[in-house]
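Enquirer: Please read through the structure below; I'll follow up with questions.
The values are calculated or read from the model by the stated rules, or taken from the named source; none is laboratory data. Just so it is clear, the structure is predicted and the values come from calculations on it, not from any experiment. All Cβ positions, glycine included, derive from the backbone under ideal geometry; neighbour counts span all protein chains shown. SASA here: full protein model, heavy atoms, side chains in, ligands and nucleic acids out. Shrake-Rupley method; radii C 1.70, N 1.55, O 1.52, S 1.80 Å.
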Amino acid sequence: MALKGNLRDFSTTQLLNLVNLARKTGLLVIQGQTDTARLYFREGKLIHANIGNADGHLADMLLKAGKLSAEQAQMIQTRAGMQSDKQLGLALMSAGYVTQEDIVQSVKKHMLDIVYTLFSWNQGDFQFDQNLLPSDDRIAVPINLENVIMEGSRRIQESEQLQDELPDLTSVALRFTDNPDARLRNVNLSVEEWRVISFINPRNTIKQIAQSNGMDDFQIRKIVYGMLQAGLVELARPEGMAAPAVGGRRGGVEKPPAVKRSVVERLITRIKRI
Amino acid sequence: MQTVKMVITGPFSAGKTEFIRSISEIDVVSTERKISSEAERVKEATTVAMDFGRITVDEDLVLYLFGTPGQRRFDFMWEILSEGMLGFIVLIDSVRSETFREAKHILEIFRSYAPTPYVVAANKQDLPDAWSPEDLRIALKIDSNVKVLSCVATEKEHVKNVLLELLYSILEGMEEGT
Ligand SMILES: Nc1nc2c(ncn2[C@@H]2O[C@H](COP(=O)(O)OP(=O)(O)O)[C@@H](O)[C@H]2O)c(=O)[nH]1
Ligand SMILES: [Mg+2]
């Protein structure tokens, strides 16, 4: 007997609570607006997850967790061929690429990223099928749902607060502060923060920066809010806002216009004066 | 306001941080730490060592300098950083020949991202064991139309000179283009 419904009526939090309390085993499929998420549980614990086209292969997870470089991951994927995740994990460990802890952490991160995304879904058909389990070759790392539910609820709250702080992402751009004070010294930035930083430009709206980096509204809000607090960036009005900025281009960030001769000449004059 | 960007790349310890620090008007935002405590080592696993500096021309124009991340596993950021760059500088640690192959590799990767002008800076020329720019040009097989410049990243005048030479190369490229 399957559990069917829509997140509009029975939220992600409620679903996970049910799975946890009833110690359910099986597959939960949620059909979101853009992606389909699949979560596998064994006796009430999350053991495997995938979303959209990314079916969560080990090399992918290690890449996303920063344990492998893009080059390494690609090489491994072409070479590994039909190898199962378990075999691949053993091979990578014995070749000294990664440790067992790296693998466990990456698999966990992969699952948690997916499940936390689901907390922001307000609608979507779901179906729970009892006793369906991921194929044997997948590395299953059981995760307790209690903490996930608590963290997920905390994020919903945080996300609502962030939304109040930064309500509008589509008509606001970022620029670096003119006088970043001493707080900037030795600031530690995450990979995601650097990704955002490298797109900061009065031509790019926050939304476009998010799209170019594959971030959702919550992720970009959180990063931008943090950087605003640190005094690294300020909100700005996007340049050329009147003109329709986003075309069909992937990512949506506008290509910078060709730099003019006069710009290079001004740079030369300035640097000579330093 | 217009912002333009240059990327400073090169192997670990070639002098990227030093280079940007010598010329930037803001404290270089560097995430690189001396590994001391266990806590910091853990932190290092999650942050990227990369530098970021700024030179304001006037209220309409700002130049940003981006140093590429120090850790190899953040190589995927190179392409992101190279997006829209005006030009790039490859710094070479002229005293450590074991890093030359890596330097050449980095140079080729950046060249493949964009057909923007670049210069090679033979850094640490103040050290007695430094290979000369001429020898480095041969050792790294640098095209004859690409400048290989002598550099001491701790000296502001040297850094200025490298940036200016890159800007001159950019101007020349524009002339050819039109
Ligand atoms: N003697 C000398 N030392 C330099 C020069 N440039 C950098 N260094 C030193 O080389 C080491 C590595 O430089 P750093 O800027 O951190 O390299 P990065 O890894 O490329 O950022 C530091 O100890 C610098 O002080 C230079 O031109 N001459
Ligand atoms: Mg450095």
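Enquirer: Residue check, B:I138 against (1) over 18 Å from B:V7 (Cα atoms); (2) within 10 Å of ligand 1 (Cβ to nearest atom), all met but one. Which one?
Expert: Against the list (1) over 18 Å from B:V7 (Cα atoms); (2) within 10 Å of ligand 1 (Cβ to nearest atom), B:I138 comes up short only on (2).
Enquirer: Is there a residue being more than 15 Å from ligand 2 (Cβ to nearest atom), out of contact with any Cys (no Cβ under 6 Å at 6 or more places or on another chain), more than 10 Å from chain A (Cβ to nearest Cβ) and at pLDDT below 90 anywhere in segment B:42-55?
Expert: yes
Enquirer: For B:G87, state whether it is open to solvent by less than 50 Å² (accessible area, probe 1.4 Å), at pLDDT below 90 and within 14 Å of another protein chain (Cβ to nearest Cβ).
Expert: So B:G87 fails the test.
Enquirer: Here's another thing I want to ask about it. Can you tell me which condition B:E155 does not meet? The list is (1) within 14 Å of chain A (Cβ to nearest Cβ); (2) more than 16 Å from B:K16 (Cβ to Cβ), and all the others hold.
Expert: For B:E155, the failing item is (2).
Enquirer: When only residues in segment A:206-221 that are modelled with pLDDT of 90 or more and open to solvent by 10 Å² or more (accessible area, probe 1.4 Å) count, which is farthest from B:L61 (Cα to Cα)?
Expert: A:R221
Enquirer: With B:L164, B:L127 as the choices, which residue is closer than 17 Å to B:A103 by Cβ and more than 16 Å from ligand 2 (Cβ to nearest atom)?
Expert: It is B:L127.
Enquirer: Scanning segment B:1-34 for residues that are at pLDDT 90 or above and charged (D, E, K, R), which turns out nearest to the chain's Cα centre (by Cα)?
Expert: Among them, the one singled out is B:K16.
Enquirer: Of these, A:G124, A:G89, which one is small (G, A, S) and within 29 Å of A:Q33 (Cα to Cα)?
Expert: A:G124
Enquirer: Could you check segment A:54-73 and list, in sequence order, the residues that are farther than 15 Å from B:D75 by Cα and assigned to a helix (DSSP H, G or I)?
Expert: A:L58, A:A59, A:D60, A:M61
Enquirer: In segment B:133-155, is there at least one residue being among the basic types (K, R) and either buried (at least 17 other Cβ atoms within 10 Å of the Cβ) or out of contact with any helix residue (DSSP H, G or I) (no Cβ under 8 Å at 6 or more places or on another chain) (or both)?
Expert: Within segment B:133-155, the first condition is being among the basic types (K, R), and the residues that meet it are B:137, B:141, B:147.
Retained after the next criterion (residues that are either buried (at least 17 other Cβ atoms within 10 Å of the Cβ) or out of contact with any helix residue (DSSP H, G or I) (no Cβ under 8 Å at 6 or more places or on another chain) (or both)): B:137, B:147.
Scanning segment B:133-155 turns up at least one residue that is among the basic types (K, R) and either buried (at least 17 other Cβ atoms within 10 Å of the Cβ) or out of contact with any helix residue (DSSP H, G or I) (no Cβ under 8 Å at 6 or more places or on another chain) (or both).
Enquirer: Check A:R175 against each of (1) open to solvent by less than 60 Å² (accessible area, probe 1.4 Å); (2) within 14 Å of chain B (Cβ to nearest Cβ) and name the one condition it does not meet.
Expert: With (1) open to solvent by less than 60 Å² (accessible area, probe 1.4 Å); (2) within 14 Å of chain B (Cβ to nearest Cβ) applied to A:R175, the lone miss is (1).
Enquirer: Only one of (1) closer than 26 Å to A:T34 by Cα; (2) buried (at least 18 other Cβ atoms within 10 Å of the Cβ) is not met by A:K108, so which one is it?
Expert: If we test A:K108 against (1) closer than 26 Å to A:T34 by Cα; (2) buried (at least 18 other Cβ atoms within 10 Å of the Cβ), just (2) comes out false.
Enquirer: Something else about it: What about A:D125, is it touching a residue at least 60 places away in the same chain (Cβ under 8 Å) and either within 14 Å of another protein chain (Cβ to nearest Cβ) or of a type in the set (D, E) (or both)? Working first, answer last.
Expert: Details: touching a residue at least 60 places away in the same chain (Cβ under 8 Å): yes; either within 14 Å of another protein chain (Cβ to nearest Cβ) or of a type in the set (D, E) (or both): yes.
Yes; evaluated as a whole, the condition is true for this residue.
Enquirer: Whether any residue in segment B:168-175 is open to solvent by less than 20 Å² (accessible area, probe 1.4 Å), at pLDDT below 90 and closer than 26 Å to A:I197 by Cβ is what I want to check.
Expert: Checked against the condition, which is being open to solvent by less than 20 Å² (accessible area, probe 1.4 Å), at pLDDT below 90 and closer than 26 Å to A:I197 by Cβ, segment B:168-175 yields no hits at all.
Here is a yes/no grid of residues against (1) of a type outside the set (S, T, Y); (2) out of contact with any strand residue (DSSP E or B) (no Cβ under 6 Å at 6 or more places or on another chain); (3) surrounded by fewer than 16 Cβ atoms within 10 Å (Cβ to Cβ):
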position: A:D9; (1), (2), (3): yes, yes, yes
position: A:T13; (1), (2), (3): no, yes, no
position: A:N17; (1), (2), (3): yes, yes, yes
position: A:G44; (1), (2), (3): yes, yes, no
position: A:A59; (1), (2), (3): yes, yes, no
position: A:S69; (1), (2), (3): no, yes, no
position: A:Q72; (1), (2), (3): yes, yes, no
position: A:Q83; (1), (2), (3): yes, yes, no
position: A:V98; (1), (2), (3): yes, yes, no
